[in-house]
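S.K.: Have a look at this one.
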Amino acid sequence: MKKFVTEHQSPYLDLSAEVSEILYEGKSDFQDIIVADSKEFGRMLVLDGVFQTSDKDEFIYHECITHIPLFLHPNPKNVLIIGGGDGGAAREAVRHPEVEHVTMVDIDGKVIELSKQFFPAISKAMRENNPKLTVKVGDGIAFMREAKDFYDVIIVDCSDPVGPGEGLFTYEFYKDTFKALKEDGLFVQQTESPFMHSKLVREIKDCVSDIFPITRLYTAFIPLYPTGMHCFTMGSKKYDPLTWEPNRKRTFPTKYYNEGIQRSAFVLPNFVKDVLYGE
Ligand code: SAM
């Protein structure tokens, strides 16, 4: 009998991945968790029925959510990651020599523990206790409320706006994020698919642009996520990705990111411009 894990991407569309083995299936205090070996994507993490990451395509998401904001900032010393319990964003952030300290706050210690056990490559920085990285288990919303004028770059590597991640998509949270950043700081958040979640993408852009002087959207092609077209919303106090010029040399290899992607990711198809700015 074939086995599958399935994400109900919309009421009308499912994505099912055939799996050879379910390695873990259980519940934390916050969500249902599955770790499975799939035939197409390799090992996958599924939270509350939503595909979070896979060994095969994780590099695209993690490089885009991390290197695009970090290379926009000329000197990112202090980085905060909200969510990101699999450790992929932290792994990429610590590779920047300019980055002195990364704080990661995920609400679910069980996701962190299982990622260390089942995703050794993704969780490398957490597993090896990288000296630049501090991992905290706690609510990112409460953490942000207390932070002030400290971070150069904030990465919101969250799950979808349901369950524990819901409050990470609110006006109050973006206000607190603005407050937590230094005067030239910037933040980025994964904001789903502009094709399938256009209403959400527009609402987030409207909120963020009410608070930040510069608001930009960028996209990446992520096979595991709904429609394969994923977007990230960026709010910045000073640096504009549309006028970016290389400000330092990249000292490590990447699989998706390059200097062309840093620019082209912000070039939007007309229908996405309509989502953001249309009537
Ligand atoms: N790449 C993924 C995606 O876009 O589907 C996100 C991956 S990461 C595993 C998402 C993490 O956000 C989860 O580990 C979850 O526990 C965490 N999370 C959800 N709500 C949170 C909150 N309020 N504070 C901190 N972390 C939260």
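The values are calculated or read from the model by the stated rules, or taken from the named source; none is laboratory data. Because the structure is a prediction, the values reported are computed rather than measured. In this analysis, Cβ positions are derived from the backbone assuming ideal geometry, glycine residues included, and neighbour counts consider all displayed protein chains.
S.K.: Considering only residues of the range 212-226 that are in contact (Cβ under 8 Å) with a residue 40 or more places away in the chain and not in a strand (DSSP E or B), which is nearest to GLU63 (Cα to Cα)?
M.R.: Among those that are in contact (Cβ under 8 Å) with a residue 40 or more places away in the chain and not in a strand (DSSP E or B), it is ILE222.
S.K.: Every residue in the range 95-152 that is closer than 22 Å to SER236 by Cβ and among the basic types (Lys, Arg), please.
M.R.: Across the range 95-152, the qualifying residues are ARG95, ARG145, LYS148.
S.K.: Let me ask another. Check every one of the helices (runs of 4 or more DSSP H) wholly within the range 123-195 and list those with 1 or more residues that are more than 15 Å from the chain's Cα centre (by Cα) and away from the ligand (no atom under 16 Å from the Cβ).
M.R.: 171-180
S.K.: Moving on to the next point. Out of (1) more than 24 Å from GLU98 (Cα to Cα); (2) in contact with a strand residue (DSSP E or B) (Cβ under 7 Å, 6 or more places away or on another chain), the odd one out for VAL267 is which?
M.R.: (2) is the only condition that VAL267 fails.
S.K.: Next up: Looking at the range 28-40, I want the residues that are at pLDDT 95 or above and have a partner that is within 15 Å of the ligand (Cβ to nearest atom) and among the aromatic types (Phe, Trp, Tyr) with Cβ atoms under 6 Å, at least 6 apart or on another chain. Which pairs are those?
M.R.: Cβ pairs passing all conditions: VAL35/TYR24; VAL35/PHE118.
S.K.: Continuing with the same structure: Give the number of residues within the range 69-92 that are surrounded by 24 or more Cβ atoms within 10 Å (Cβ to Cβ) and either more than 14 Å from the ligand (Cβ to nearest atom) or closer than 14 Å to TYR225 by Cα (or both).
M.R.: Residues that pass the stated criteria total 2.
S.K.: For the range 230-250, give me each residue that is closer than 20 Å to LYS182 by Cβ and among the acidic types (Asp, Glu).
M.R.: The one that is closer than 20 Å to LYS182 by Cβ and among the acidic types (Asp, Glu): ASP240.
S.K.: Being within 20 Å of PHE212 (Cα to Cα) and not in a loop (DSSP other than H, G, I, E, B) is the filter here, so list the residues in the range 228-266 that pass it.
M.R.: Those that are within 20 Å of PHE212 (Cα to Cα) and not in a loop (DSSP other than H, G, I, E, B): CYS231, PHE232, THR233, MET234, GLY235, SER236, PRO241, LEU242, THR243.
S.K.: A further question on this structure: Is it fair to say ARG250 is among the basic types (Lys, Arg) and buried (at least 19 other Cβ atoms within 10 Å of the Cβ)?
M.R.: no
S.K.: Please go through the range 109-121 and pick out each residue that is within 10 Å of the ligand (Cβ to nearest atom) and surrounded by fewer than 22 Cβ atoms within 10 Å (Cβ to Cβ).
M.R.: GLY109, LYS110, ILE112, listed by residue number.
S.K.: Can you tell which of THR227, THR254 is more than 15 Å from the ligand (Cβ to nearest atom), within 18 Å of the chain's Cα centre (by Cα) and over 18 Å from ASP157 (Cα atoms)?
M.R.: Being more than 15 Å from the ligand (Cβ to nearest atom), within 18 Å of the chain's Cα centre (by Cα) and over 18 Å from ASP157 (Cα atoms) holds for just one of THR227, THR254, which is THR254.
S.K.: Which helices (runs of 4 or more DSSP H) sit wholly inside the range 43-122 and have at least 3 residues that are in the same structural domain as TYR174 (by TED's automatic domain parsing), touching a residue at least 60 places away in the same chain (Cβ under 8 Å) and more than 26 Å from PRO246 (Cβ to Cβ)?
M.R.: Helices (runs of 4 or more DSSP H) meeting the threshold: 109-118.
S.K.: If you don't mind, there's one more thing I want to ask. Of all residues in the range 140-172, which are surrounded by fewer than 17 Cβ atoms within 10 Å (Cβ to Cβ) and of a type outside the set (Val, Ile, Thr)?
M.R.: ALA142, ARG145, GLU146, LYS148, ASP149, PHE150, GLY163, GLU166, GLY167, TYR171, GLU172
Conditions tested, residue by residue: (1) over 26 Å from PHE221 (Cβ atoms); (2) among the charged types (D, E, K, R).
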position	(1), (2)
GLN9	no, no
LYS27	yes, yes
GLY49	no, no
ARG91	no, yes
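S.K.: Looking at the range 253-265, which of its residues are under 13 Å from ARG216 (Cα atoms) and surrounded by 12 or more Cβ atoms within 10 Å (Cβ to Cβ)?
M.R.: GLN262, ARG263, ALA265
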